[in-house]
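Structure record follows, encoded as structure tokens.
The values are calculated or read from the model by the stated rules, or taken from the named source; none is laboratory data. These figures come from a predicted structure and were not determined experimentally. Every residue, glycine among them, receives a Cβ derived from its backbone with ideal geometry; neighbour counts consider all protein chains shown.
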Amino acid sequence: MCKRKTKIVCSLLSVLMTVGLLTGCGGKKQDGVTEIHIVQYKPEAVDFFNNLQKEFNETHNDIQLTIESPNDAMTILKTRFVREDYPDIIGIGGDINYSNFVDSGILEDISDYQGLGTIKKSYIDILEGLEFVPTEGTFGLPYVANAAGVLYNKDMFEEHNWEIPTTWKEFMALCKKIKSEGIQPLYFGFRDTWTCLAPWNALAVSLTDADICAQVNKGEAVFKEAYSDVADKMKEMMEYGEAGPFAYNYNDACISFANGEAAMYTIGSYAVPQIQSVNPDINIDSFVMPASDDASQNILNSGVDLQFCITKECKNKKEAYEVLDFLLEHDNMQAYLDNQNAVPCKEEEFNLASMLEGVTTYIEEGKMADFHDHHYPAEMAVDGMIRPF
């Protein structure tokens, strides 16, 4: 067992005393039927995956698929890994947890999987950029991504003839104009500290190197200098948000934006279902955070929201690949995109949600970069450090 894995095991032993475990991993063969077991971390998509499991099992006689979508999937997965009780496939995000799993030798190299050839290189590069130490092989199949920048009330913009900004100067001028017309330009909802990371990440991808965390780890850079411009622009935006933004949480922000209390909301596409649950008729679109005064330098903040990884303990890789093939089928991916307003990682024609129209060009051109906080260890608590702004 490698040193990194030993560290993770030791740090998680206490979890075993408080967390209930799921059923054992798949891989068993009964009467010629192979069991494949997936644990995926998005409980909001449980209905989609339940339907997918049913459809797969109705159309495959030699594989029995079980998909579990627990509320606290990451804690459960880490606990199972401590017990060396591995699912065949895990569905997780492209974040620090993935980095830890790769570094711990838990995941199988899927470089030989032909389906990888259908995935946009930009998203495979994003996953590889998360590795602590560059590792030979590919350990995740990017499935869908999200996009973060600025959501805006399209009807309000059309009514007031406001133009979409393409530079920071234009963005601040727009905020000033909206405020002068007696309308609140932005909403933040920073009481939930994680929401501070939404505008932070959207600014950082255009203003700071994508590998800044790796540079800092090597002693080649310091965060104070790398994020100086990001911090200054975060503070500048605060003038145009709600009074006392730290008094309002994510839910408050979604409700207020849904009710037309602000023209824009600095959050990702993942917030749209919550907003629409309050106001199904709201007309939302989005634009890339115009962080730079050179429009050509602006980049879409987009990361892998869901990927599928095969664990090294999977005994039936061939059958696991067959499950991945099924997940990648066009109709199944389109159903997920429709259900979750997601961005496809696959190189294929899909219908995107209307609130992604303003960033579609960036998606098609692969002009995007990962969320910086996906590279931060949880112990850094960067959201807490940003919040005092």
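Condition check: under 22 Å from Ile299 (Cα atoms), hydrophobic (A, V, I, L, M, F, W, C) and either part of a loop (DSSP other than H, G, I, E, B) or over 28 Å from the mean Cα position of the chain (by Cα) (or both). Does Ile178 satisfy that? So Ile178 fails the test. I'd like to check something: does the range 139-153 contain any residue that is surrounded by fewer than 20 Cβ atoms within 10 Å (Cβ to Cβ) and either over 24 Å from Ala335 (Cα atoms) or not hydroxyl-bearing (Ser, Thr, Tyr) (or both)? No.
The set of residues in the range 270-298 that are among the hydroxyl-bearing types (Ser, Thr, Tyr), within 30 Å of Ser228 (Cα to Cα) and out of contact with any helix residue (DSSP H, G or I) (no Cβ under 6 Å at 6 or more places or on another chain) comprises Tyr270, Ser296. If you check Glu225, Glu163, Glu170, Glu220 for being in the same structural domain as Ser286 (by TED's automatic domain parsing), surrounded by fewer than 15 Cβ atoms within 10 Å (Cβ to Cβ) and assigned to a helix (DSSP H, G or I), only one passes: Glu225. When restricted to residues that are surrounded by fewer than 19 Cβ atoms within 10 Å (Cβ to Cβ), in contact (Cβ under 8 Å) with a residue 60 or more places away in the chain and of a type in the set (S, T, N, Q), the range 65-84 contains 1. Scanning the range 238-250 for residues that are out of contact with any helix residue (DSSP H, G or I) (no Cβ under 6 Å at 6 or more places or on another chain) and either at pLDDT 95 or above or not in a helix (DSSP H, G or I) (or both) turns up Glu239, Gly241, Glu242, Ala243, Gly244, Tyr248, Asn249. Within the range 275-282, is even one residue touching a residue at least 12 places away in the same chain (Cβ under 8 Å) and assigned to a loop (DSSP other than H, G, I, E, B)? Yes, the conditions are met somewhere in the range 275-282. Of all the listed residues (Glu319, Glu364, Glu357), the sole one being charged (D, E, K, R), in a helix (DSSP H, G or I), under 17 Å from Lys120 (Cα atoms) and not assigned by TED's automatic domain parsing to the domain that holds Trp194 is Glu364.
Kindly check whether there is at least one residue in the range 367-379 that is touching a residue at least 60 places away in the same chain (Cβ under 8 Å) and on the phi > 0 side of the Ramachandran plot. No, that holds for no residue.
Restricted to the range 239-295, and to residues that are of a type in the set (Gly, Ala, Ser) and in contact with a strand residue (DSSP E or B) (Cβ under 6 Å, 6 or more places away or on another chain), which residue is surrounded by the fewest Cβ atoms within 10 Å (Cβ to Cβ)?
Of everything passing the filter in the range 239-295, Ser256 is surrounded by the fewest Cβ atoms within 10 Å (Cβ to Cβ).
For the range 147-154, the criterion of being assigned by TED's automatic domain parsing to the domain that holds Phe188 and in a helix (DSSP H, G or I) is met by at least one residue. Across the range 367-389, the qualifying residues are those that are charged (D, E, K, R) and assigned to a loop (DSSP other than H, G, I, E, B), and the one among them that is nearest to the chain's Cα centre (by Cα) is Asp370.
For (1) in a loop (DSSP other than H, G, I, E, B); (2) within 23 Å of Glu379 (Cβ to Cβ), each residue gets a yes or a no:
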{"position": "Phe49", "(1), (2)": "no, no"}
{"position": "Ile67", "(1), (2)": "no, no"}
{"position": "Glu84", "(1), (2)": "yes, no"}
{"position": "Gly91", "(1), (2)": "no, no"}
{"position": "Leu116", "(1), (2)": "no, no"}
{"position": "Val133", "(1), (2)": "yes, yes"}
{"position": "Tyr143", "(1), (2)": "no, no"}
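Residue-wise test of (1) of a type in the set (S, T, N, Q); (2) modelled with pLDDT under 95; (3) on the phi < 0 side of the Ramachandran plot.
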site: Ser122; (1), (2), (3): yes, yes, yes
site: Thr135; (1), (2), (3): yes, yes, yes
site: Ala147; (1), (2), (3): no, yes, yes
site: Val150; (1), (2), (3): no, no, yes
site: Lys169; (1), (2), (3): no, no, yes
site: Ser180; (1), (2), (3): yes, no, yes
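Go through the residues of the range 127-137 one by one and say whether even a single one is without any contact (Cβ under 8 Å) to a residue 60 or more places away in the chain, surrounded by fewer than 20 Cβ atoms within 10 Å (Cβ to Cβ) and of a type in the set (S, T, N, Q). Yes, the range 127-137 contains a residue that is without any contact (Cβ under 8 Å) to a residue 60 or more places away in the chain, surrounded by fewer than 20 Cβ atoms within 10 Å (Cβ to Cβ) and of a type in the set (S, T, N, Q). Scanning the range 29-58 for residues that are more than 22 Å from Lys315 (Cα to Cα), polar (S, T, N, Q) and touching a helix residue (DSSP H, G or I) at 6+ places or on another chain (Cβ under 9 Å) yields a count of 1.
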